[in-house]
């Protein structure tokens with residue numbers, strides 16, 4: 001298999017679900033790409049031997065679930081082909097950007113009423129939870145979010161560095177980061193945060209990502225969406241672009257009752273980046289220039 005394609009398979013499946021990009025044929029190199037924003041639909045993608053110097057081709061749909069309206073499969077294929085033509089740049093892997101732009105395209109189509117996608121914002125799947133979120137958001141004092149957590153335990157507080165709280169259409173976002181040396185420590189910090197801070201525990205999402213360099217050249221990268229589909233992968237991708245290591249990021253969102261659409265991802269990455277800068281893990285202007293993202 002083309003080494004660049006092999007690397008892309010590993011990267012995409014670590015950022016999204018492990019079955020997002022799967023090889024089904026070596027010669028020619030054909031993969032099944034399952035859309036994280038529309039999991040019922042997967043498409044067949046053919047990669048040339050000199051990828052990424054040459055672009056992949058969208059062959060058509062592989063599977064279309066019964067929960068998807070008739071004709072949506074063909075519409076999705078046309079959307080993916082159009083997006084690919086826009087995001088592909090010779091010499092640069094393009095599948096991550098393709099998935100992100102397709103997500104935004106699907107959201108726009110859904111808003112126009114052409115596709116009925118199950119809500120993937122992580123806020124409507126549980127009406128009781130949504131009601132609790134709306135009630136709790138009114139109780140949040142944004143000024144208090146940067147202070148000590150409510151109900152902090154007597155255990156030693158992880159050395160969090162916090163962004164400034166950001167409010168958008170009644171939703172509140174706050175990021176924090178801390179140095180970590182192992183996945184076990186990262187999970188311990190997250191557990192401590194959720195159990196010691198009542199406001200964090202009641203949040204709609206606590207999105208996490210970490211990158212760690214271990215002994216003997218071992219590296220660990222992981223993320224968790226906590227109900228905000230693909231948000232953890234976006235934070236992890238941001239950390240990769242910033243080339244930060246031995247740090248974990250937690251972005252907390254209190255949903256305010258108004259859908260933000262793709263803007264929520266911009267805000268999540270913005271506060272995550274600010275926390276990393278505040279924590280001294282990267283200096284302003286050091287983000288790698290890698291494509292349009």
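Each value in this text was obtained by applying a stated rule to the coordinates, not by laboratory testing. Remember, it's a predicted structure, so these values are computed and weren't measured experimentally.
So the values come out like this:
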item: Centroid-to-centroid separation of segment 242-286 and segment 204-223 [C-alpha atoms, Å]; result: 15
item: Value of relative contact order over segment 3-111, rounded to a whole percent, pairs C-alpha under 8 Å and six or more apart; result: 20
item: Alpha-carbon centroid distance for the pair segment 19-52 / segment 56-74, whole angstrom; result: 13
item: Relative contact order of segment 182-293, defined on C-alpha pairs under 8 angstrom at six or more residues apart (%); result: 25
